[in-house]
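Each remark here refers to the structure printed beneath this line.
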Amino acid sequence: MDDGLIVGIDLGDMITQVHCAELETDWAISTVLCKKKQEDVWYIGKEAYSCVLEGAGILSDKLVTLAKKDGTATFEDIKYTGEDLLAQFLFQIFEMVRSEAGKEQIGRVVVSVDYLEQSFIRKIALCTARAANLSEECVHIISREESFVYYILSQRKDIWNHEVGVFELSKGGLTYFNFRVRRGLKDLTVFADSVHLEESFSPDVLMNESGKKLGDQILSSCAERLLRGKLFSAIILTGDGFERTDWAPGFMSVIGQKRRVYLEKNLFAIGCVCKAAELAKGNIEPPFTCICNGHLDCSVAMDVMHSGKEKRLVVVPAGACWYEANATAEFILGDQKELTFLMIPVQNGQNEKRAVVSLQEFPDRPPRTTRIELSVSFLDAKTMEVVVKDLGFGELFAATETTIRQEVTL
């Protein structure tokens with residue numbers, strides 16, 4: 001296991017949750033950063049707001065969006081990039097964790113976010129590594145759905161024997177997460193998804209009796225619709241809106257019908273720690289197939305000849321993390337002038353798809369005298385990039401610079 005603290009961070013534009021494997025303390029911090037005037041001193045969360053109220057500091061908020069959009073902010077005539085400010089915010093978090101743990105070294109960090117795109121993932125990873133003084137290999141970015149999966153699977157099996165639902169009520173609104181499993185003869189497949197509900201509302205409406213009544217009605221209606229006809233092992237409530245539940249008797253009655261109900265404040269940050277702990281042990285690939293935001297919902301395969309027999313070669317398996325997945329292989333072409341890829345969905349009852357990459361641009365040679373290099377990677381969860389290079393064939397046919405590049409929709 002890595003030598004150092006294992007930290008999980010659920011990074012949000014409004015609230016950031018933090019959990020450390022070695023500590024019992026959890027943190028929920030407003031994602032704001034304040035620079036004290038005339039000094040190189042920075043504050044986050046409540047201390048940041050206090051400094052501004054005293055007139056002693058300058059505040060910047062929505063740090064995740066600022067970094068995502070390549071924005072800037074100016075403090076006392078000095079312009080900072082969004083990445084600079086996010087890295088400073090994360091640095092203050094790690095200082096807080098170090099102080100609480102009495103230990104300097106951070107060993108592994110997993111950060112969950114609600115938006116996955118290549119350049120954004122890269123920014124978050126760089127900011128986190130910079131703030132924690134770590135190499136990028138020790139930082140992993142995952143979706144909130146994946147952190148939810150790791151949290152659930154860390155619980156007793158009877159908790160997730162059937163479906164699990166999570167209602168999150170926070171300043172960002174109302175979100176529902178769903179978890180279910182499919183057990184096969186050899187492996188476990190886990191499905192997780194989420195939806196930001198149209199009936200969403202902020203906990204701020206609960207400040208008066210009419211707001212509480214409206215909130216209870218909205219939640220009850222959503223719960224009845226989402227849970228109807230399904231078998232649930234547990235319902236979990238998270239977010240600052242559920243710090244108390246006495247304002248929602250109708251909702252609590254609906255979700256409590258023959259189901260366990262739990263409250264977990266830092267669910268996503270704890271899930272990140274569970275993922276980080278597995279990575280620290282060297283368990284790069286999970287012992288289950290994970291189908292959720294950030295992971296492929298189908299396998300990519302090819303039918304090839306090996307030792308005189310036709311075999312199905314899985315190029316990238318279902319459940320692979322698309323922004324980390326890539327594969328490279330070499331083949332000798334027969335008389336074909338195209339490569340056929342099969343997209344095999346993990347969901348039962350869905351049809352396979354086929355995609356063809358033409359090799360007509362390659363030099364015309366006799367069968368079995370062209371060696372190629374095939375590389376695949378992913379631009380997003382539904383777009384695979386295929387690159388095929390001509391490697392020639394020894395002394396008979398020299399390699400050319402011919403390279404075919406094509407995007408394939410999964």
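Here are the numbers for the structure shown:
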{"read-out": "Relative contact order of the range 1-132, pairs being alpha-carbon contacts under 8 Å that are 6 or more residues apart, as %", "value": "28"}
{"read-out": "Length-normalised contact order for the range 293-332 - Cα pairs under 8 Å, 6+ apart - percent", "value": "41"}
{"read-out": "Net +/- balance of residues flanking Arg354 in space, Cβ distance below 12 Å, scoring K and R +1, D and E -1", "value": "-2"}
{"read-out": "Computed over the chain: relative contact order in percent, which uses C-alpha pairs under 8 Å that are six or more apart", "value": "13"}
{"read-out": "For the range 161-268, share of DSSP beta bridges that run antiparallel, in % to the nearest 5", "value": "60"}
{"read-out": "Global form of the range 101-210, assessed from the alpha-carbon gyration tensor, a/c cut-off 1.5", "value": "oblate"}
{"read-out": "Solvent exposure, largest accessible area first (probe 1.4 Å, DNA, RNA and ligands not counted), of His196, His140", "value": "His196, His140"}
{"read-out": "Accessible-area value, Met96, 1.4 Å probe, nucleic acids and ligands omitted, Å²", "value": "50"}
{"read-out": "Solvent accessible area, Å² - Glu407, 1.4 Å probe, full protein context", "value": "120"}
{"read-out": "Cα long-axis angle, helix 118-132 against the chain (0 to 90 degrees, to the nearest 10)", "value": "60"}
{"read-out": "Student exercise, the range 89-143 dipole from Lys, Arg, Asp, Glu Cβ charges, in Debye to nearest 20", "value": "80"}
{"read-out": "Total formal charge among the other residues, if their Cβ is under 14 angstrom from that of Ser253, Lys/Arg +1 and Asp/Glu -1", "value": "-1"}
{"read-out": "Charged-residue dipole, Cβ positions (Lys, Arg, Asp, Glu), the chain about Cα centre, Debye nearest 20", "value": "1280"}
{"read-out": "Fraction of the pair-distance distribution of the chain above 37 Å, Cα-Cα pairs, percent", "value": "35"}
{"read-out": "Solvent exposure, largest accessible area first (probe 1.4 Å, DNA, RNA and ligands not counted), of Thr400, Thr383, Thr409", "value": "Thr409, Thr400, Thr383"}
{"read-out": "Heavy-atom SASA rank of Glu385, Glu243 (probe 1.4 Å, accessible area, largest first)", "value": "Glu243, Glu385"}
{"read-out": "Trypsin sites (Lys or Arg not before Pro) within the range 256-322: DSSP coil, no more than 14 neighbouring Cβ in 10 Å", "value": "Lys258, Lys281"}
{"read-out": "Probe 1.4 Å - accessible area at Tyr49, Å² to nearest ten", "value": "100"}
{"read-out": "Whether the range 1-139 is rounded, prolate or oblate, judged on the alpha carbon gyration tensor where a/c under 1.5 counts as rounded", "value": "oblate"}
{"read-out": "Net charge contributed by nearby residues that have their C-beta within less than 12 Å of Phe94 (K/R +1, D/E -1)", "value": "0"}
{"read-out": "Percent carbon-and-sulfur accessible area, the chain, ignoring ligands, DNA and RNA, probe 1.4 Å", "value": "48"}
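The values are calculated or read from the model by the stated rules, or taken from the named source; none is laboratory data. None of these values were measured; they are calculated from a predicted model. Note that each Cβ is placed from the backbone with ideal geometry, even for glycine, and that neighbours are counted across all protein chains shown. Surface accessibility is based on the protein's heavy atoms, side chains included, excluding ligands, DNA and RNA. Shrake-Rupley method; radii C 1.70, N 1.55, O 1.52, S 1.80 Å.
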